[in-house]
Every structure is written in structure tokens, then in C-alpha cells.
Amino acid sequence: MRTDVLDIAARLGVLLSPDALEYILSNSDPVSFTNTALSALSSDKMFIKRADLENCLLGDAPIFKSAVTDAPKNKRHTDIEVVAGTDITGNSTCEGEITDFTNYFKSRYDILSRIIARRSDFGVGIPIERAMRLDRDVRVIGMIYEVNVTKNGHIILTIEDSDSNCKVFISKDSPLSGESFVTDEVVGIVGKPNSRKDLLIAEEVFRPDVPRTNRWEPSDSVASVAFLSDIHIGSLTFLEDRWQKMIEWLKQNAYNADLDYLVLPGDVVDGIGIFPGQEKELIISDIYKQYESLAEHLKGIPDHIKIIMQPGNHDAVRLAEPQPALGNIFTKNFDSNIVLAGNPVSVKIEGRSILTYHGKGIDDWVSNVQKLSYDNPIGIMEEMLKRRHMAPIYGQRNALAPERKDYMAMEEVPDIFVTGHIHGAGTSEYNGVKTINASAWQNQTEYQKMHNFNPDPAIMPIVHLGTGDIMMKSFME
Ligand SMILES: [Fe+2]
Ligand SMILES: [Fe+2]
């Protein structure tokens, strides 16, 4: 903590006297306090004493007065970056070789097993091969290769690590029997090998998960970020009037409300040839024209807003996840305030990490885990967070590209986790992570009607980057 505070001071080019440092460290949130106090410092103040900080708390210190003149409204700058190593764009290595698959799953195992091994309640894991020769409780970490349910209702998992595999037995009478398991997720198992050493009887299951102690730490940021998912320009059911209403609202309110960032989590256009008979549902049937129309629709967004755009399964990039950013051929008409990124991607905005994933993998979650449904996207996102993986199931509806690194694994815990794809709107919090499913700008489609799915369109979730407050702003009324 002490080093964090000194780092901030060094970055701002100020020196703290020992009594000032002591005063800061006695605060319940020294980092936020330092940020708040020091970032507002007048430029000629290089040495900060305790008295300066006390005065600033009283609100009558010159250091705060100068802040008002130093940062006038019209000099606002944005602070946004794509987190290195989270975007596949320009980094794809896969060519469909067998070694690609081996490396891909090894990367996944390494990332997720490391997270499990870091859990203080898990203890020290040992290789499966060694564990299965012992007569005591053991801890192993494996990737689930197969999930079977016996005719008596017991669950049998086959798990593997880099050298070996074993079967894990979960009795239907065990408290663990309510757990859902999916193939290719990574789990830690505490259990005891049976006497024949061909089954590990599970006593506890550990997932990588988000630490329960994880919290949203308030910061001094005053800006907000909003999300516009699944715009589906080109579709007959694109909600043009709702969109225009939203643009008007942004024009009137965004600047004063410090709404400075917009994230577009994919399906920005309806695409072509995405499903059989789609041409009957298109108002623009040329893919280039769809993106041109999108560029026009985005022009109304106030210039001070920085936009991050990623593709979804309707967009003109490869379908297999992770998807690279949209190419220049489609985006050459876009304004310069639009940042193109891959799917998924992590971005840092004013110190907050935002993991944004279009969410095609949700289809596999729904068809593999009984308790999950399209009506509850937030519940699905919690399952992703528990496994620290957005799309673990390989070889079903959602295509995964075997890249050298598993971009679908969540190496870091985000502050905000957002998905789209299912055109629902919801928000919640899971162990301190704000979860958002970010609506759509398309009304119910024929396909959705057939499947009795009612979307929740024209809702813009807005998150305050300092406090974490979330508003679901509807443009349907
Ligand atoms: Fe969509
Ligand atoms: Fe989608």
C-alpha cells in the first residue's frame, strides 16, 4: 500500500513528507485518497505536508481551488486502452494443425489451474498419476474430458492433467450432486482414491472463480461508460426510431453527465447469410452498405465520446472465437473516435477493467447446463465467472479457434463484465464484478418469434466508473 501511494506521488511529480505519508496511510482507502488529493494539486506544489492534506479535507485549500481552473470542462481528455494480450487482432497463430489444439488446451489448463492453485482454501495439488496411487485425501486439478451420469444418478467425470487422467465419482447423495459440469472446464478436486485405485471419490470441488473478497473499489473518476449491443443495422427489425431517440438523448445529456465512453459488444450489423432465409428479413442486403449505414448511424453520437466496437457472430469477420476486429474494408467510413477491437477483449477505461464479449458461447451454455436459459443471461455470466472462462465447451455450436493462447479464459478479474448476443437486458453483481447483458436495437425477429423469445430491446446500460452505479436507460417508452 505504501509503495502504491509513493508510486502515485512519483507519477504526479510530488514529494510527500513523512507526516503526510503517515496521514495518508491512516486513511481507510489510502490509494483513492491519494488519487483524489494529489491529482487536484496545483502545479507549483511539489512538497506535500500533512497540513496540506488536512486543509484539502476541509475544502479550503488552494490545491483544490486550482483544480477547478486546471481542468475546465472543454479540456476533457479520455483515458482508454485495450489491455495487452487480450485481443486476438493481428495475433492469430492457428492453422488447424494438431499441435495448435494441444497448445490451445495446454494454455487453458495452465491459466485456469494456476488460478485454482492460488486459492488459499484449495491447498497444494499434485499430479493425477501420483494422487491415484495414494491412500489418503488428495488434491488434483484437471480439465473435464467427459461428463457421464450413471443410471442410478451418480455423476462420473473424466478429468485429465498434462500426463494422466482419472475418473471422479460424485455420489447422487453427495452435496456436490447439484453441481453442473461442462466439458473442457478446469476444476480442482479434493477426494480420496477408492481401494481399487480406479476412481477418485470427490469430497469437494474447487472452481477458479472470482474471490469472494473481490470488491468494486470506488475511485475518483466522474465519467460513465454506456453499452449498445446488437445494433443489427440492415435488419428490417432494426429499431430506427428508438435509435434516433437514444442519439438525441446523448446529444442533450452525455456531455453534462460525463458520459464519455461507449462500448458496442458486437452484432453491429445484421450481416448476410447468417441463417437460412435471412434475405427476407433484411432492408440492406449488401454487407458493405450495412457498415456504411452503421457509420452514418454512429455519426450522431457526440464527438467527445470514445467508442469501442467489437464484432459478433453477425459481423463480417471469422466466426470462430476469439474474433479479430473488423477490417478496414468495412470500417473506412468510421469516425476517428471509434476504436476497433476483437471479441472478446479487455479494455481499461479510467482505471476500470471492462471485459466485453459478444456472447455466442451462451448458446452452448444453455444447451449443456439444465438450470440455464436465455431468459437469464446474468445467471449464465455467473457460470462463466465461476469457471473464469467464457466458452469452455469445445466442438459444439460455438466455434473456437485453437490459438496458442486461450483468449476465452479470464486471466484477470474484470470490474465490469458485459455480454450481448441474446438481446436481453439485465444487470447484477457477482463477487464484486458488475455483470451486464446489454440489450439490442432490433425488435423481435421471425426466428425469435418461432422460439417464443421476447427480447428486451432499446435499453442502454450506463455505469458510473467511479461509484459503479448502474442505470438501465430505456428508450422504449
Ligand atoms: Fe444479435
Ligand atoms: Fe449474436
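Some points to look at:
- Near residue 330: Cβ cut-off under 13 Å, other residues only, Lys/Arg at +1 and Asp/Glu at -1. The net charge is -1.
- Value at 222 nm in deg cm²/dmol, rounded to 500, when DSSP H runs of n ≥ 4 in the chain each add -39,500 (n - 2.57): -7500 deg cm²/dmol
- 18 Å cut-off, amide nitrogen to a point 7 angstrom out along residue 477 Cα→Cβ, residues in region 436-467: 456-462
- Stokes-Einstein D for region 176-246, Kirkwood Rh over Cα pairs, 20 °C, 1.002 mPa s (µm²/s): 116
- Förster radius 41 Å - calculated FRET efficiency between residue 375 and residue 152, Cβ distance, rounded to 0.05: 0.80
- The relative contact order of the chain comes to 16 percent, based on Cα pairs under 8 Å that sit 6 or more residues apart.
- Packing-based ranking of 139-148, 166-175 yields 139-148, 166-175, ordered from highest to lowest mean Cβ neighbour count within 10 Å.
- Over all distinct Cα-Cα pairs of the chain, the Kirkwood formula returns a hydrodynamic radius of 24.6 Å.
- Seen from residue 444, the other residues with C-beta closer than 12 Å to its C-beta sum to a net charge of -2, counting Lys and Arg as +1 and Asp and Glu as -1.
- Once all protein chains are placed together, residue 360 keeps about 30 Å² accessible to a 1.4 angstrom probe.
- Less than 5 angstrom separates the built amide H of residue 282 from those of 236, all sequence-distant by 5 or more or on a different chain.
- Potential extension, residue 162-residue 78 segment - 0.36 nm per residue separation minus Cα distance: 25.8 nm
- For region 272-412, share of DSSP beta bridges that run antiparallel, in % to the nearest 5: 65
- Fraction of antiparallel bridges per DSSP, the chain only, in percent to nearest 5: 65
- Heavy-atom surface analysis with a 1.4 Å probe gives the chain a carbon and sulfur content of 50 percent of its accessible area.
- Centre-to-centre, using Cα atoms only, region 381-429 and region 252-331 are separated by 20 Å.
- Accessible area in the full protein assembly, largest first, 1.4 Å probe, for 291, 23: 23, 291
- Values of log10 I(q)/I(0) for region 120-206 across q = 0.12, 0.17, 0.23 Å⁻¹ run -0.30, -0.61, -1.16, by the Debye formula with one identical scatterer at each alpha carbon and no solvent.
- Across the cross-link table entries 289/434; 371/405; 192/386; 167/386; 289/360; 360/449, which are compared at the Cα atoms, the separations over 27 Å belong to 289/434; 371/405.
- Multiplying the residue separation of residue 100 and residue 429 by 0.36 nm and subtracting their alpha-carbon distance yields 114.9 nm.
- Solvent-accessible surface of the chain, taken per residue with a 1.4 Å probe and all protein chains present: 46 Å².
The values are calculated or read from the model by the stated rules, or taken from the named source; none is laboratory data. A quick note: this is a predicted structure, and the numbers were derived from the prediction, not measured. With ideal geometry, Cβ positions are generated from the backbone for all residues, glycine too; neighbour counts draw on all protein chains shown. Note: accessible area is taken over every heavy atom of the protein model, side chains too, but ligands, DNA and RNA are not part of it. Shrake-Rupley method; radii C 1.70, N 1.55, O 1.52, S 1.80 Å.
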